[in-house]
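A.B. asks: Below is the structure I would like to discuss, written out as structure tokens.
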Amino acid sequence: MTAINVSWFRRNVEASSIYFPPDKFLSVYKTVKTKHLNPTTNVLSCPAVLKRRRSLYVVRCPYDLRLRYIGEPGEGRIHVIHPGTSIVDEKIRSIFAMSGRDDWADPKTPVFQLLTPYVFSTVEPLDICQLNNPMDFGRATGFRLIEGRFPIDKWLRPLSFAVEWIDTNSDIVFKRGEPWFCLEFLPRENTELSVRLIEIQESPELASQIVRNAGVTSYIKGTSSLFHRSE
């Protein structure tokens, strides 16, 4: 079957080399969860389960990070906890962004983002979906990813890891190498096409396009129609 080629790269920014390449979800799941199970009898033998998970990719966490919320929900502050964090404090400021309270869906549920260098692009009509890590379902993490979808043939932008802190009484803990979030690629026309990821290097042209698209939602609303690839 024909596959859509999707280019991806890590931006030329400090420490981008610590970020893992995306992995197929099934290979990660089989390694982490089912390596001791009979592959013909566990849930992955179900065709419906396989079809769903075959389209997913896992992005692994690049660092150790432990965050603690001090104070009443919606009124406190986020603190970085050592030990449990591999990043020095001055570097955390470059990847961490607290969202303003006006942007929260709930006044008692803080929202923050961790910036990443991942960029995905294609010439085909294709959307990317950033999803919660399915391996966390049913497990108390204290937070949930703010899932999103956008067209990577029209909007060139780095992914961010934006979460709602649901249980501010519990620390949020990330560990290097563990599944962080999932990606799904959705063709807008031929929905049966598969996807092939191809790593490339960031070029000056790509960097320029990212800058042109950066922050537009802070200036105007209804920006979807603006994002067309440069020829």
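The values are calculated or read from the model by the stated rules, or taken from the named source; none is laboratory data. Since the structure is predicted, the reported quantities are computational estimates derived from the model, not experimental observations. Please note: Cβ atoms are built from the backbone with ideal geometry, for glycine as well, and neighbour counts cover all protein chains shown. Areas reflect the complete protein model, heavy atoms only, side chains present, ligands, DNA and RNA absent. Shrake-Rupley method; radii C 1.70, N 1.55, O 1.52, S 1.80 Å.
A.B. asks: Determine, yes or no, whether Ile70 is of a type in the set (Val, Ile, Thr) and either at pLDDT below 70 or surrounded by 15 or more Cβ atoms within 10 Å (Cβ to Cβ) (or both). Steps first, answer last, please.
C.D. replies: Working: of a type in the set (Val, Ile, Thr): yes; either at pLDDT below 70 or surrounded by 15 or more Cβ atoms within 10 Å (Cβ to Cβ) (or both): no.
Taking the combined requirement at face value, the residue does not satisfy it.
A.B. asks: Could I ask something else about it? Report, by residue number, each residue of segment 1-59 that is open to solvent by less than 20 Å² (accessible area, probe 1.4 Å), at pLDDT 85 or above and hydrophobic (A, V, I, L, M, F, W, C).
C.D. replies: Within segment 1-59, Ile4, Val6, Trp8, Phe9, Phe25, Leu56, Val58, Val59 qualify.
A.B. asks: Restricting to segment 92-115, what's the tally of residues that are at pLDDT 95 or above and among the charged types (D, E, K, R)?
C.D. replies: 0
A.B. asks: Of the numbered conditions (1) assigned to a loop (DSSP other than H, G, I, E, B); (2) over 24 Å from Asn12 (Cα atoms), Tyr63 fails exactly one; give the number of that condition.
C.D. replies: (2)
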